[in-house]
Amino acid sequence: MRLRYLLFIFILFISGEVYSEEKQCDIPAVENGRIAQYYYTFKSFYFPMGINKTLSFFCLAGYATESGKQEEKVRCTAEGWSPKPRCFKKCLKPVLRNGYVSDGKVLYKIQESMRYGCTSGYKTTGGKNEEVVQCLPEGWSSPPSCRKEQELMCSSLRLIENGYFHPVKQTYEEGDVVQFFCHENYYLSGSDLIQCYNFGWYPESPICEGRRNRCPPPPVPLHSKIQPHSTTYRHGERVRIECELNFVIQGLGELLCENGKWTEPPKCIEEKEKVACEQPPSIEHGTAQTHSEIYFSGDKVTFRCEGGYYLRGSSTITCSRGQWTVPPECVENNESCKPPPEIANGAVVDGLLASYTTGSSVEYRCNEYYLLRGSKTSRCEQGKWSSPPVCLEPCTIDVDHMNRNNIQMKWKYEGKVLHGDLIDFVCKQGYDLSPTTPLSEVSVQCNRGDVKYPVCVRRESKGRCASPPVIRNGDIVSSAASTYENGSSVEYQCSENHFLQGSREAYCVDGVWTTPPLCLEPCPLSFVEMDKNYLQLKWNFDNRPLILHGEYIEFMCKRDAYITETSISGSELRVQCDRGKLRYPKCTPR
C-alpha cells in the first residue's frame, strides 16, 4: 500500500514538472496593444501556454510594433515571451514652419522614413535644403525643423571649379578657417583664406581664373635683382636682370613673359679673379666723374658734357671682365625742343617745361586700365622728340549686348578688361553656339576697347518639355514653369491621407516627361455598409474614419449572424483597402 502511494506521488511530481515545462507563459500584458478577445474569454484554457507556442498581438490605433507592423507574433520560451510584446507610438507628421513634407501622410510607422524640405533662406537640422529622417521607437531620428541659414553658422562649401580647399567638412563651426588652392595654370581671384563667423563665411569664397596671358612673379636668380618691379606681369612684358657686385651674368640679361610663362632666367656667377679695368676712356667735349685709380667688375663711371653739348647714349659705363661698356658721345646742342607731344589717355609724369634742351627726356604714363605700348620715355634730339608711347584702351563689358547675344561671362572680372586680355563667354541656359560660330570664338580678346561678342541661339525645342503632367489627388512641390530643359525634374506630393505609388519625381527626356506617380485614395469606413452586411469591428479601438491604401481592417459577424462565404472565415473578415475601395464581407442572420 505504501509503495503504491509513493508511486502515485512520483507520477504526480513528474506530470507536474512536465506540465510546468510545457506551460510556462502566462497571459501577456501588451503595452499599447492587446491580444484577441477569445484569449481573455477562455484564459484558463489557453494559459499558461506551452514552450514554443506562438501568440499574435495587435497594436492600438496610432501605435506599431518595433518592426513597424500593426500585428506581430511572439513565441513562448523558458524565459517568457520573446520578443516582449510591446507597441510603440507612431511618429506624427511634424508641423514645420518655413518647411514642407514631401508626402501626404499623417502617421509614420516605426522604421519608416520621411523626407522634408525647407523654404528659401532656411535649412534643415543638418544644414541642407532637404533631409530624410526615420521614425524610431523613441521618435524621429533627428527632430525635423527649419532654421534660418544664419543660425546654422556655416554650411558646407561647394567645390570650386579648377581648384580645391582644405579642410573639407560636412558642417563648419565658428572660428574654422578654410584655405583655397588653384590647379596649375589658374590663379585665385579673391582671398585664399575664409573664416566661419556667427553670421556665416567671410570673405566670400574665391574663384580660380585661367591665367591666360599673365605671368607669375619672375624667377630671380641668386645674387641678382630685377628691374622694373611690378605686382602683375602681362604677355610681352620684359624685366632686366642685374647681378650683384663681383658677380657676372651668364645668359640673357632679360626675361620675357610669353603666354603666362617666363623665358629661361640667366645665372649670376661669382668672378674667380678680380679683373681690373683701365682708367675710363675720355670723350670729346665731356668729362668722367672718376672716384678711384683702380676699377673692378661692377664699378661704374658717369659722364657729363660741356656746355652747349648733350649726351647721346647712356651717361654711365660699367667695368665688366676688365672691359668698359660703350661710352656715350657729347653732341653739339644746336636746337632745343618745345614741350613734348600729348598722348591720348595718358600724360607726362613730371610737370611740363616751356622748352627742353637736346638730350633731355620725359617719361609718360597711362591712365588706369590703359596699357602702355612702346617706350615710356621720349627724348629730345636736335629739336625733335622721339616717338611717344601709345595708351591702348581697355574694354568695358556691355551687359545689353550680352543679353542680345544670349551669352554671359564665364569668369568674374574686377574693373575693366585690359587690352590684349582674353574674355571667356558661355551660352546662357537653353542656348547653344550658332552653327556658323567656331568654338574658338567663345574666348574673345580685348582689342583697344573693342569686344567681338559671340552669338548663341536658342536650343532646338525638341529637347525641351512643356508643363509637367497634372496628377489626381496630388500636385508639384515647387511652382510649375512653362518650359523645362532636357534633363530637368519635378517632384510630386500627394494630398493628405493619399498613398504615393511610383517614383516621386518625373524627368524631362527629349521633350517628353517620364511617368508621374499615382496618388491612391484612402477607403472611408461606412457603418451603413457594415449594418447592411451584419458586420461589426473586431477591435473597438480600430474605429478609423479612413483606412489608407494597402492597410487592413478586421470585422466580425454580429451576434446571431454567420459569414456566407465558403472560404476560411478568418481571411474573409480581414480586408485590405485597395485604391479607395473596401470589399465588405457578408454575414447572414441565423
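The values are calculated or read from the model by the stated rules, or taken from the named source; none is laboratory data. Being a predicted model, the structure only gives us computed values, none of them experimental. Note that each Cβ is placed from the backbone with ideal geometry, even for glycine, and that neighbours are counted across all protein chains shown.
Identify all residues within the stretch 185-243 that are at pLDDT below 80, of a type in the set (Ser, Thr, Tyr), in contact with a Pro (Cβ under 9 Å, 6 or more places away or on another chain) and surrounded by 15 or more Cβ atoms within 10 Å (Cβ to Cβ); write none if there are none.
Tyr187, Tyr233 - these are the residues of the stretch 185-243 that are at pLDDT below 80, of a type in the set (Ser, Thr, Tyr), in contact with a Pro (Cβ under 9 Å, 6 or more places away or on another chain) and surrounded by 15 or more Cβ atoms within 10 Å (Cβ to Cβ).
Of the conditions (1) closer than 29 Å to Gly68 by Cβ; (2) touching a strand residue (DSSP E or B) at 6+ places or on another chain (Cβ under 7 Å), Lys105 satisfies every one except a single condition; which number is it?
(2)
What number of residues in the stretch 275-330 are aliphatic (A, V, I, L, M), out of contact with any Phe, Trp or Tyr (no Cβ under 8 Å at 6 or more places or on another chain) and at pLDDT 80 or above?
Of the stretch 275-330, the ones aliphatic (A, V, I, L, M) are 275-276, 283, 288, 294, 301, 311, 317, 326.
Now drop any that are not out of contact with any Phe, Trp or Tyr (no Cβ under 8 Å at 6 or more places or on another chain), which leaves 294, 326.
In the following step, the residues that additionally are at pLDDT 80 or above were identified as 326.
Counting residues in the stretch 275-330 that are aliphatic (A, V, I, L, M), out of contact with any Phe, Trp or Tyr (no Cβ under 8 Å at 6 or more places or on another chain) and at pLDDT 80 or above gives 1.
For residues that are basic (Lys, Arg), part of a strand (DSSP E or B) and not assigned by TED's automatic domain parsing to the domain that holds Thr287, tally how many sit in the stretch 299-348.
So the answer is 0.
Are any residues in the stretch 59-77 surrounded by fewer than 16 Cβ atoms within 10 Å (Cβ to Cβ) and either at pLDDT below 90 or closer than 23 Å to Arg574 by Cβ (or both), and if so, which ones?
Ala61, Gly62, Glu66, Ser67, Lys69, Glu71, Lys73, Arg75
Those residues that are closer than 21 Å to Asp578 by Cβ and either hydrophobic (A, V, I, L, M, F, W, C) or in contact (Cβ under 8 Å) with a residue 40 or more places away in the chain (or both), I need them from the stretch 513-523; list them, please.
Answer for the stretch 513-523, where residues must be closer than 21 Å to Asp578 by Cβ and either hydrophobic (A, V, I, L, M, F, W, C) or in contact (Cβ under 8 Å) with a residue 40 or more places away in the chain (or both): Pro516, Pro517, Leu518, Cys519, Leu520, Glu521, Pro522, Cys523.
Quick one: how many residues across the stretch 102-152 are under 24 Å from the mean Cα position of the chain (by Cα) and under 18 Å from Leu500 (Cβ atoms)?
Going through the stretch 102-152 one residue at a time, the tally reaches 7.
Of all residues in the stretch 465-482 being in contact (Cβ under 8 Å) with a residue 40 or more places away in the chain and within 28 Å of the chain's Cα centre (by Cα), which is nearest to Pro522 (Cα to Cα)?
Looking at the filtered set, the residue picked out is Val477.
Return the residue satisfying two criteria in turn: it lies in the stretch 170-182 and is exposed (fewer than 13 other Cβ atoms within 10 Å of the Cβ) and either among the polar types (S, T, N, Q) or more than 12 Å from Ser205 (Cα to Cα) (or both), and of such residues it is modelled with the lowest pLDDT.
Applying the filter and picking the extreme gives Gln170.
Out of everything in the stretch 261-298 that is in a loop (DSSP other than H, G, I, E, B) and within 51 Å of the chain's Cα centre (by Cα), what residue ends up being nearest to Ser320 (Cα to Cα)?
The qualifying residue nearest to Ser320 (Cα to Cα) is Pro266.
Where residues in the stretch 74-101 are among the β-branched types (Val, Ile, Thr) and under 50 Å from the mean Cα position of the chain (by Cα), which of them is nearest to Ile547 (Cα to Cα)? Before the answer, list the steps.
Taking the stretch 74-101 and keeping what is among the β-branched types (Val, Ile, Thr), we get 74, 77, 95, 101.
In the following step, the residues that additionally are under 50 Å from the mean Cα position of the chain (by Cα) were identified as 74, 95, 101.
Details: Val74: 26, Val95: 22, Val101: 21 Å.
Looking at the filtered set, the residue picked out is Val101.
Report, by residue number, each residue of the stretch 74-128 that is under 24 Å from Asp475 (Cα atoms), assigned to a strand (DSSP E or B) and of a type in the set (D, E, K, R).
Passing the criteria: Arg115, Lys123.
If we scan the stretch 362-377, do we find a residue that is touching a residue at least 60 places away in the same chain (Cβ under 8 Å), assigned to a strand (DSSP E or B) and under 29 Å from His285 (Cα atoms)?
Initially, the stretch 362-377 is screened for residues touching a residue at least 60 places away in the same chain (Cβ under 8 Å), giving 371.
Subsequent filtering for residues that are assigned to a strand (DSSP E or B) retains 371.
Add one more test, that the residue is under 29 Å from His285 (Cα atoms), and what stays is none.
No; the residues of the stretch 362-377 include none that is touching a residue at least 60 places away in the same chain (Cβ under 8 Å), assigned to a strand (DSSP E or B) and under 29 Å from His285 (Cα atoms).
Only residues in the stretch 106-135 that are touching a residue at least 12 places away in the same chain (Cβ under 8 Å) count as the first member; pair them with residues that are part of a loop (DSSP other than H, G, I, E, B) and hydrophobic (A, V, I, L, M, F, W, C), Cβ under 6 angstrom, at least 6 apart or cross-chain, and list the lot.
Once the first residue is touching a residue at least 12 places away in the same chain (Cβ under 8 Å) and sits in the stretch 106-135, its partners that are part of a loop (DSSP other than H, G, I, E, B) and hydrophobic (A, V, I, L, M, F, W, C) give Cys118/Cys146; Tyr122/Cys146; Cys135/Ile110.
Which one is surrounded by the fewest Cβ atoms within 10 Å (Cβ to Cβ), of the residues in the stretch 379-391 that are assigned to a strand (DSSP E or B) and modelled with pLDDT of 90 or more?
For the stretch 379-391, the residue satisfying everything is Val390.
Looking at (1) among the β-branched types (Val, Ile, Thr); (2) touching a Lys or Arg at 6+ places or on another chain (Cβ under 7 Å); (3) closer than 30 Å to Leu245 by Cβ, which one does Val326 not meet, given that it meets all the others?
All conditions pass for Val326, except number (2).
List every residue pair whose Cβ atoms lie under 6 Å apart, where the two residues are 6 or more positions apart in sequence or sit on different chains, the first residue falls within the stretch 235-252 and is outside the structural domain of Asp299 (by TED's automatic domain parsing), and the second residue, located anywhere, is among the acidic types (Asp, Glu).
That search, which allows pairs on different chains as well, returns Arg238/Glu254; Arg240/Glu254; Asn246/Glu271; Phe247/Glu270; Val248/Glu271.
Anything in the stretch 62-73 that is outside any loop (DSSP other than H, G, I, E, B) and farther than 13 Å from Glu551 by Cβ? List them, or say none. Let's see the steps before the verdict.
Residues of the stretch 62-73 outside any loop (DSSP other than H, G, I, E, B): 63-64, 71-73.
Once the filter is applied, which keeps residues that are outside any loop (DSSP other than H, G, I, E, B) and farther than 13 Å from Glu551 by Cβ, the stretch 62-73 yields Tyr63, Glu72, Lys73.
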